[in-house]
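Enquirer: This is the structure I have questions about; it appears just below.
The values are calculated or read from the model by the stated rules, or taken from the named source; none is laboratory data. What you see is a predicted model; the values in this text were computed from it and never measured. Note that we place each Cβ from the backbone using ideal geometry, even for glycine, and neighbour counts take in every protein chain shown. The accessibility values were calculated without ligands, DNA or RNA, using every heavy atom of the protein model including side chains. Shrake-Rupley method; radii C 1.70, N 1.55, O 1.52, S 1.80 Å.
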Amino acid sequence: MKSYSLLAAAIAAATLSMPASALNIVLTNDDSWSTGNIQTLFSKLTEAGHSVVMSAPCTGQSGKGGAIHFMEPVNVDRSKVEQNQVCVGDTDESVAFSDFVEGTPVMAALYGIDVLAQEKWGQFPDLVISGPNEGNNLGYMTNNSGTLGAANVVIARGIPAIAVSAFDADETKAPMVADVIVKIVSELVTNKQVNQPLLPKFTGLNVNTPEDMSNHLGYKFSQVGWNAGGLEVKFAGDMSQDQLVMAYVAQGILAKGYAATYEQALAMAQAQYQGKAGVSIARDQGLVDDESELSEGVLLEQGYITISTIEANVQASRAKAAVTQIKLNNLVK
């Protein structure tokens, strides 16, 4: 009985020492736990008085969407758990491909809410934040995003989540992006009703920040829409003939010092990818038709910080469902 009383007193003291606006937050991403964006946000949220734990992939997992390795043992690096940070996923590249298990963003988010949060607080978190991603996640490209995949899986569990994406990995912008999220969280807390969650159940936010954070035009409510900010994906039959892919690969070769000039690097890239097929990126080719003034891709390009409300499901609108039902009505008895 005495031990129980001491424990209760300790919990009460810890609770009283936290500000009323403090939240229990799980932080994750799809770029790994070592990126400047997530580490900066971790520090900023902690400085704001929140209790934060990080559960992120050990290695970069961009574009993995909602991928999960079901019922396969996976490594969890808990070497920094005393600093409230862990990462999920195998890192030993000598392991055979068939045995290598990546810690996808969804898996990292689930570890955060099902294991780490229970160890830290004995309950689910008040909020999960996924990001900031190194690159925007807009429009139809959110379907492929590991950042959104991590947010969606916890939203489906009834936990509020914010997916946040920066324009790039520029560490000089990281504090400004982090301040945006801290401000959004603060506003949600300020307007939170007693005994109610930060957001309605099964609801989250997709937040994107523009390239020029020093001169952004403020916040805008947006719709996810289809517009991905001019970024589109296509399949290239021969990647050596794709100018964007070759420029990207050549710049990497040049940065690592494998070539003395860009021309040499480009020739090396073309030789490496000659005749090889793969998915490429297209810019502003109009492959996706969406120029709505409310689409986040359109507003972000104008310089706004966009906030889209998401529900983590793929159910069509009632109107579209009704039209489809009419078309297939003879099949339904």
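Enquirer: Go through segment 47-68 and count every residue that is modelled with pLDDT of 95 or more and open to solvent by 40 Å² or more (accessible area, probe 1.4 Å).
Expert: Total meeting the criteria: 2.
Enquirer: Scan segment 278-333 for residues that are open to solvent by 50 Å² or more (accessible area, probe 1.4 Å), part of a helix (DSSP H, G or I) and among the β-branched types (Val, Ile, Thr) and report the count.
Expert: 3
Enquirer: While we're on this one: Search segment 1-27 for residues being open to solvent by less than 30 Å² (accessible area, probe 1.4 Å) and among the aliphatic types (A, V, I, L, M), and hand back the single one that is modelled with the lowest pLDDT.
Expert: Step one: filter segment 1-27 for residues open to solvent by less than 30 Å² (accessible area, probe 1.4 Å), giving 22-27.
If we keep only those that are among the aliphatic types (A, V, I, L, M) as well, we get 22-23, 25-27.
Values: Ala22: 92, Leu23: 97, Ile25: 98, Val26: 98, Leu27: 98.
For segment 1-27, the residue satisfying everything is Ala22.
Enquirer: Within segment 141-162, which residues are farther than 16 Å from Pro197 by Cα, open to solvent by 40 Å² or more (accessible area, probe 1.4 Å) and over 10 Å from the mean Cα position of the chain (by Cα)?
Expert: Within segment 141-162, Asn143, Asn144 meet the criteria.
Enquirer: Could you give me the residue pairs with C-beta distances under 6 Å whose first residue belongs to segment 233-259 and is surrounded by 18 or more Cβ atoms within 10 Å (Cβ to Cβ), whose second residue is at pLDDT below 90 and of a type in the set (A, V, I, L, M) wherever it lies, and which are 6+ apart or on separate chains?
Expert: Partner pairs satisfying both residue conditions: Met239/Val245.
Enquirer: Taking segment 168-188 as the region of interest, how many residues are touching a residue at least 24 places away in the same chain (Cβ under 8 Å) and open to solvent by 100 Å² or more (accessible area, probe 1.4 Å)?
Expert: So the answer is 1.
Enquirer: When you go through Leu331, Leu287, Leu266 one by one, which is the residue that is among the aliphatic types (A, V, I, L, M) and under 21 Å from Val224 (Cβ atoms)? Break it down stepwise before answering.
Expert: Values: Leu331 fails: under 21 Å from Val224 (Cβ atoms); Leu266 fails: under 21 Å from Val224 (Cβ atoms).
One residue alone meets the criteria, Leu287.
Enquirer: Next question, about the same structure. Go through segment 119-137 and give me each residue that's closer than 20 Å to Pro175 by Cβ and in contact with a helix residue (DSSP H, G or I) (Cβ under 6 Å, 6 or more places away or on another chain).
Expert: Answer for segment 119-137, where residues must be closer than 20 Å to Pro175 by Cβ and in contact with a helix residue (DSSP H, G or I) (Cβ under 6 Å, 6 or more places away or on another chain): Ser130, Gly131, Pro132, Asn133.
Enquirer: Any idea how many residues of segment 123-152 are of a type outside the set (S, T, N, Q) and closer than 16 Å to Phe42 by Cα? First the steps, then the outcome.
Expert: Going residue by residue through segment 123-152, those that are of a type outside the set (S, T, N, Q) are 124-129, 131-132, 134-135, 138-141, 146, 148-151.
Among the residues that remain, those that are also closer than 16 Å to Phe42 by Cα are: 125-129, 131-132, 134.
Summing the residues that are of a type outside the set (S, T, N, Q) and closer than 16 Å to Phe42 by Cα in segment 123-152 gives 8.
For (1) under 16 Å from the mean Cα position of the chain (by Cα); (2) open to solvent by 10 Å² or more (accessible area, probe 1.4 Å); (3) at pLDDT below 95, each residue gets a yes or a no:
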| site | (1), (2), (3) |
| --- | --- |
| Val95 | no, yes, yes |
| Asp99 | no, yes, yes |
| Pro105 | yes, no, no |
| Val115 | no, yes, no |
| Val128 | yes, no, no |
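Enquirer: Only one of (1) at pLDDT 95 or above; (2) outside any helix (DSSP H, G or I); (3) touching a strand residue (DSSP E or B) at 6+ places or on another chain (Cβ under 6 Å) is not met by Gln123, so which one is it?
Expert: (3)
Enquirer: How many residues does segment 266-277 hold that are in a loop (DSSP other than H, G, I, E, B) and either open to solvent by 80 Å² or more (accessible area, probe 1.4 Å) or closer than 28 Å to Glu211 by Cα (or both)? Even if it seems obvious, please write down each step before you answer.
Expert: Applying the first criterion (in a loop (DSSP other than H, G, I, E, B)) to segment 266-277 yields 274-277.
Still in the running and either open to solvent by 80 Å² or more (accessible area, probe 1.4 Å) or closer than 28 Å to Glu211 by Cα (or both): 274, 276.
Total meeting the criteria: 2.
Enquirer: Quick one: in segment 189-224, of everything that is in contact with a Leu (Cβ under 7 Å, 6 or more places away or on another chain), of a type outside the set (A, V, I, L, M, F, W, C) and within 24 Å of Gly149 (Cα to Cα), which residue is most open to solvent (accessible area, probe 1.4 Å)?
Expert: Filtering segment 189-224 for residues that are in contact with a Leu (Cβ under 7 Å, 6 or more places away or on another chain), of a type outside the set (A, V, I, L, M, F, W, C) and within 24 Å of Gly149 (Cα to Cα), the one most open to solvent (accessible area, probe 1.4 Å) comes out as Gln223.
Enquirer: A further question follows. Keeping to segment 69-91, report how many residues are open to solvent by less than 50 Å² (accessible area, probe 1.4 Å) and among the acidic types (Asp, Glu).
Expert: Total meeting the criteria: 2.
Enquirer: May I ask you to list pairs of residues, at least six apart or on different chains, whose Cβ atoms are under 9 Å apart, with the first in segment 82-102 being more than 15 Å from Glu72 (Cα to Cα) and the second being at pLDDT below 90 and surrounded by 10 or more Cβ atoms within 10 Å (Cβ to Cβ)?
Expert: From segment 82-102, the pairs are Asp92/Phe100; Glu93/Phe100.
Enquirer: Another question about this same structure. Would you mind stating whether Asp30 is open to solvent by less than 60 Å² (accessible area, probe 1.4 Å), among the charged types (D, E, K, R), outside any helix (DSSP H, G or I) and within 30 Å of Val189 (Cβ to Cβ)?
Expert: On the way: open to solvent by less than 60 Å² (accessible area, probe 1.4 Å): yes; among the charged types (D, E, K, R): yes; outside any helix (DSSP H, G or I): yes; within 30 Å of Val189 (Cβ to Cβ): yes.
Yes: the conditions hold for Asp30.
Residues checked against (1) of a type in the set (Ser, Thr, Tyr); (2) touching a Gly at 6+ places or on another chain (Cβ under 8 Å):
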site: Ala161; (1), (2): no, yes
site: Val185; (1), (2): no, no
site: Val194; (1), (2): no, no
site: Leu198; (1), (2): no, no
site: Thr203; (1), (2): yes, no
